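Reviewing the structure listed below.
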Amino acid sequence: MSYAETIQYLYNAAPPFHLIGGAAYKPGLQNMEALMTIVGHPERKLKAIHIAGTNGKGSTSHLIAAALQAAGNRVGLYTSPHLVDFRERIRINGEMIAEDEVVAFVACHKEAIETIQPSFFEITTAMAFYYFAKQNVDYAVIEVGLGGRLDATNVLPPENVCLSIITNIGFDHTEFLGNTLAAIASEKAGIIKRSTPVVIGEADDETRPVFEAKANAVGAPIYFAREHEYLRRVRMRVAPVSELQGYYQEHNLQTAFVALRALSMPNTAIAEGFAHVCSITGLRGRWETLSHAPLTICDTGHNSHGLRYVFQQLNELHQRHGGTLRIVFGMVKDKDIDVVRQLLPTDAVYYFCQAKTSRAIPADMTVEQAVKKAQNEASPDDIIFIGGSNYVVGEALTLAYS
């Protein structure tokens, strides 16, 4: 099979979450354990950093990977979903996995895929672990897909995880993780490993006791990032500038900084990684400027927890910049839409659109139509914002902004 045929085979054999939603989710580790046996237990050959959370885990993963790489390490980075190319999910030192590596892995394990019938995410996780072990990475930065306790990535043995990170807890995927913050925190706390340090980015009165109880139960040293003055105290000296410009990135920078200091990474490497995180890792879609006339920005924030910061920043930008604010926006059905609706800027022209996924909220325009309509109606002094979901941003990036 060609690369394109291989990806289509995967989509047909195991339709991914981003296309069909909850039907793609297979909780539990049985499939992963079976796959790990077949591919030679690569999870036992990795030195992993395991990252969960409702929002910010992608940015935090990239920040940590960039700093580790700046310190001279060979770093594997596994994240999801992809925006444009499937291979974005699996990178080493910023380079996407080669197409022939994807083809070879699927061809070699086609029988296992058809026998075990793992989910799309389970297959890609097995592929990432196999590739990272094969390439002898120094660190594997692994982002959880959904939850933590029953996530496919949690097949990582405790002795192979040098640090766990939970960025924050918000109401997302409640149909799988629970309807209270404490319940969601409990699921995500499932990545806390015995005797392995864990960094908590943000916690409140409801979630903190959950994390503390789990850490105490397994003897894991626990650090609450907001209680450490590391980044705030040395911000101008260590990381005065970062390519990640979203307001919400301050939380991710603080979490990543405390995590990297827990790993004894030098400040010079942290500064270099933070300053050039997008260039080093290939990260896109986080308050990314796509053009300047009109000023066009995209962001992958996709629930109320993340979009609250995005819209605050967008409103303030509009006040400073002037012109008409034009928002290309689309969401998927399983998000907290009613809350997001109340957060939408009122002084804006909207182009509601529908991404190419069955999960998308129906709209009269495709992403391409909405982007082009906004561009055609905008003057050079206007602002165009594109967002609401990873899929809207991903499709926009395949247009003139690629």
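The values are calculated or read from the model by the stated rules, or taken from the named source; none is laboratory data. Quick caveat, the model's predicted, so the values are computed rather than measured. Here the Cβ positions follow ideal geometry from the backbone for every residue, glycine too, while neighbour counts run over all protein chains shown.
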Check your understanding: Would region 300-317 turn up any residue that is in a loop (DSSP other than H, G, I, E, B), closer than 24 Å to LEU177 by Cβ and of a type in the set (A, V, I, L, M)?
Key -> no
Exercise for review: May I ask you to verify whether SER291 is assigned to a strand (DSSP E or B), exposed (fewer than 15 other Cβ atoms within 10 Å of the Cβ) and not aromatic (Phe, Trp, Tyr)?
Suggested key: yes
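Looking at the structure I just gave you, is LYS356 of a type outside the set (Gly, Ala, Ser), in contact with a Ser or Thr (Cβ under 8 Å, 6 or more places away or on another chain), outside the structural domain of LYS57 (by TED's automatic domain parsing) and at pLDDT below 95? Give the steps one after another, and end with the answer.
Working: of a type outside the set (Gly, Ala, Ser): yes; in contact with a Ser or Thr (Cβ under 8 Å, 6 or more places away or on another chain): yes; outside the structural domain of LYS57 (by TED's automatic domain parsing): yes; at pLDDT below 95: yes.
Yes; evaluated as a whole, the condition is true for this residue.
If you go through region 146-164 one residue at a time, do you hit one that is among the β-branched types (Val, Ile, Thr), within 16 Å of PRO197 (Cα to Cα) and touching a Phe, Trp or Tyr at 6+ places or on another chain (Cβ under 7 Å)?
Just the residues of region 146-164 that are among the β-branched types (Val, Ile, Thr), to begin with: 153, 155, 161.
If we keep only those that are within 16 Å of PRO197 (Cα to Cα) as well, we get 161.
Then keep just the ones that are touching a Phe, Trp or Tyr at 6+ places or on another chain (Cβ under 7 Å); that gives none.
No, every residue in region 146-164 fails to be among the β-branched types (Val, Ile, Thr), within 16 Å of PRO197 (Cα to Cα) and touching a Phe, Trp or Tyr at 6+ places or on another chain (Cβ under 7 Å).
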Point to revise | Candidates GLN369, GLN342, GLN312 - the one that is closer than 17 Å to TYR248 by Cβ, surrounded by fewer than 17 Cβ atoms within 10 Å (Cβ to Cβ) and out of contact with any helix residue (DSSP H, G or I) (no Cβ under 7 Å at 6 or more places or on another chain) | key: GLN312
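Looking at the structure I just gave you, is GLN8 modelled with pLDDT of 80 or more and either within 23 Å of ALA355 (Cβ to Cβ) or hydrophobic (A, V, I, L, M, F, W, C) (or both)? I'd like the intermediate steps shown before the answer.
Details: modelled with pLDDT of 80 or more: yes; either within 23 Å of ALA355 (Cβ to Cβ) or hydrophobic (A, V, I, L, M, F, W, C) (or both): yes.
When the stated conditions are applied, GLN8 passes them.
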Point to revise | Spans of strands (runs of 3 or more DSSP E) in region 132-205 with at least 1 residues modelled with pLDDT under 95 | key: none
Practice item. Inspect region 16-26 for any residue being modelled with pLDDT of 90 or more and hydrophobic (A, V, I, L, M, F, W, C) and give the result as yes or no. Key: no
Check your understanding: Is at least one residue of region 95-113 modelled with pLDDT of 95 or more, in contact with a His (Cβ under 9 Å, 6 or more places away or on another chain) and not assigned by TED's automatic domain parsing to the domain that holds ILE337?
Key -> no
Review point. Between residues in region 294-321 that are more than 22 Å from VAL371 (Cα to Cα) and residues that are assigned to a helix (DSSP H, G or I), which pairs lie under 7 Å by C-beta distance while being six or more apart or on different chains?
Key: SER304/VAL339; SER304/VAL340; SER304/LEU343; ARG308/LEU343
Practice item. With the condition kept exactly as written, say whether any residue in region 197-213 is under 27 Å from LEU35 (Cβ atoms), assigned by TED's automatic domain parsing to the domain that holds PHE129, surrounded by fewer than 24 Cβ atoms within 10 Å (Cβ to Cβ) and not acidic (Asp, Glu). Key: no
Check your understanding: Could you say whether any residue in region 258-269 is over 22 Å from ARG74 (Cα atoms), assigned to a helix (DSSP H, G or I) and out of contact with any Pro (no Cβ under 9 Å at 6 or more places or on another chain)?
Key -> no
Check your understanding: Of all residues in region 315-339 being at pLDDT 90 or above and touching a Gly at 6+ places or on another chain (Cβ under 7 Å), which is surrounded by the fewest Cβ atoms within 10 Å (Cβ to Cβ)?
Key -> PHE329
